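Structure first, then comments.
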Amino acid sequence: MITLKGENIYLRALEPNDLEFVYAMENDQSIWEVSNTQTPYSRFLVKQYLENAQQDIYEAKQLRLAICQDQDFPAIGLIDLFDFDPKNNRAGIGIAIQGKDNRNQNIGSEALELLIRYSFYHLNLHQLYANISGENKASIALFTKFGFEKIGTKKDWNLVNGVYKDEAIFQLINKI
């Protein structure tokens, strides 16, 4: 999996022993807004998900990878391709890093760069897109750093704590 190894991190498939990490990420209410989660997940559901995580992206229409710093450390984040559309060669992309200590450490940048490269060179995707809250300046900066362009705004798209918030859509076309 050389293509998914960077200078400081690597991306790997989810393993059964990631149960507690994925359970904690899915139930972290501070990131529910970015993950569009509405309700908590049980360990049972996360375990079932992990048991089916070996499905090919063409079958599952999703690829979720753990972000790790090295072989001795557990996962510190998740990065996903979702809504994979092989007919039109596109997919959505999302990222979440656990804990404030791991943010602003270039981990997200390196993970995003690896998955973009993988998507364009190995999956031969034509485009990637990201849905980002208009208030999420860190994510907007991260995605625009890699050439994602804002192509529109969905007004009052997400109801968060009783307030409707806009969501922007960013797109990156593979020009390789």
- Note on the structure: Expected unfolding gain across Thr37-Lys87 under the 0.36 nm per residue rule, minus the alpha-carbon gap, is 15.2 nm
- Message: Straight-line reach from Lys61: which aspartates and glutamates fall under 15 Å, measuring Cα to Cα and dropping same-chain residues less than 8 apart?
- Response: Asp80, Asp83, Asp85
- How much length is gained if the chain between Glu7 and Gln55 is pulled fully straight, taking 0.36 nm per residue apart and subtracting their Cα-Cα distance, in nm to one decimal? 14.5 nm
- May I ask you to give the solvent-accessible area per residue for the chain, in square angstrom, as obtained with a 1.4 angstrom probe? 59 Å²
- Item | Taking N as its residue count, the alpha carbon Rg of region 61-152 over 2.2 N^0.38 Å | 1.08
- Task: Evaluate the distance, in nm, between pseudo-label points positioned 7 Å from the Cα of Gln105 and of His126 along their respective Cα→Cβ axes.
- Result: 3.9 nm
- Message: Beyond a 28 Å Cα-Cα separation, which of these cross-linked pairs lie in this structure: Lys137/Lys175; Lys150/Lys175; Lys87/Lys165; Lys145/Lys175; Lys87/Lys154; Lys47/Lys150?
- Response: Lys87/Lys165; Lys47/Lys150
- Query: How much of the accessible area of the chain, probe 1.4 Å, is carbon plus sulfur, in whole percent?
  - Reply: 49 percent
- Item | Computed helical MRE - 222 nm, the chain, DSSP H runs ≥ 4 contributing -39500 (n - 2.57), nearest 500 | -7500 deg cm²/dmol
- Once the Cα gyration tensor of the chain is diagonalised, semi-axes √(5λ) in Å: 23, 21, 17
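The values are calculated or read from the model by the stated rules, or taken from the named source; none is laboratory data. The shown structure was predicted, so the numbers you read here are calculated from the model rather than taken from an experiment. Cβ coordinates were reconstructed from backbone atoms using ideal geometry, including for glycine residues, and neighbour counts include every protein chain displayed. Protein only, heavy atoms only, side chains kept; ligands, DNA and RNA dropped before computing areas. Shrake-Rupley method; radii C 1.70, N 1.55, O 1.52, S 1.80 Å.
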